[in-house]
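Colleague: Before I ask anything, let me first share the structure, which is written out below as structure tokens.
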């Protein structure tokens with residue numbers, strides 16, 4: 001789903017956007033998922049690129065990671081972990097990144113975010129488990145939801 005134009009754009013509030021959707025090479029593999037409509041929409045308002053995983057201290061490229069059970073809310077509550085396929089626990093970096101994005105939202109007065117579906121950080125309606133898509137929210141999306149931001153997911 002791609003939003004038409006977030007209400008926050010029309011009122012001048014900044015909108016947080018997954019950096020990979022704007023064409024920045026921030027994905028785990030160093031690539032991006034440029035969504036051509038977003039740079040055009042950015043001309044009508046202030047879009048702030050964010051990558052929670054980089055903000056949390058993870059390098060790019062980095063191993064793919066998944067929430068081991070549950071979703072981002074479970075990670076926030078301490079009931080689930082985020083791990084790489086090799087079993088490395090990267091939960092701390094995911095939590096730091098989510099908090100950094102929320103701090104940025106507070107600092108800028110952002111009330112909306114456009115995030116990358118399927119991501120263990122940014123997934124709004126969908127994450128991945130064992131490489132397969134499943135319903136769920138990523139860690140950052142869950143924290144932004146708890147803070148009351150409007151989220152839109154982009155495939």
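The values are calculated or read from the model by the stated rules, or taken from the named source; none is laboratory data. Remember, predicted model here, so these are calculated numbers, not experimental data. For neighbour counting, all protein chains shown are included, and Cβ atoms are generated from backbone atoms with ideal geometry for every residue, glycine included.
Colleague: Of these, 54, 41, which one is at pLDDT below 95 and crowded, with 18+ Cβ neighbours inside 10 Å?
Modeller: 41
Colleague: Quick one: which residue in 136, 123 is in contact (Cβ under 8 Å) with a residue 60 or more places away in the chain, in contact with a strand residue (DSSP E or B) (Cβ under 9 Å, 6 or more places away or on another chain), surrounded by 15 or more Cβ atoms within 10 Å (Cβ to Cβ) and within 10 Å of residue 67 (Cβ to Cβ)?
Modeller: Just a single option satisfies the conditions, and that option is 136.
Colleague: Right, here's the next one. Here are 144, 104, 95: which of them is closer than 17 Å to residue 62 by Cβ and either touching a residue at least 24 places away in the same chain (Cβ under 8 Å) or touching a helix residue (DSSP H, G or I) at 6+ places or on another chain (Cβ under 7 Å) (or both)?
Modeller: After ruling out the rest, the residue left standing is 95.
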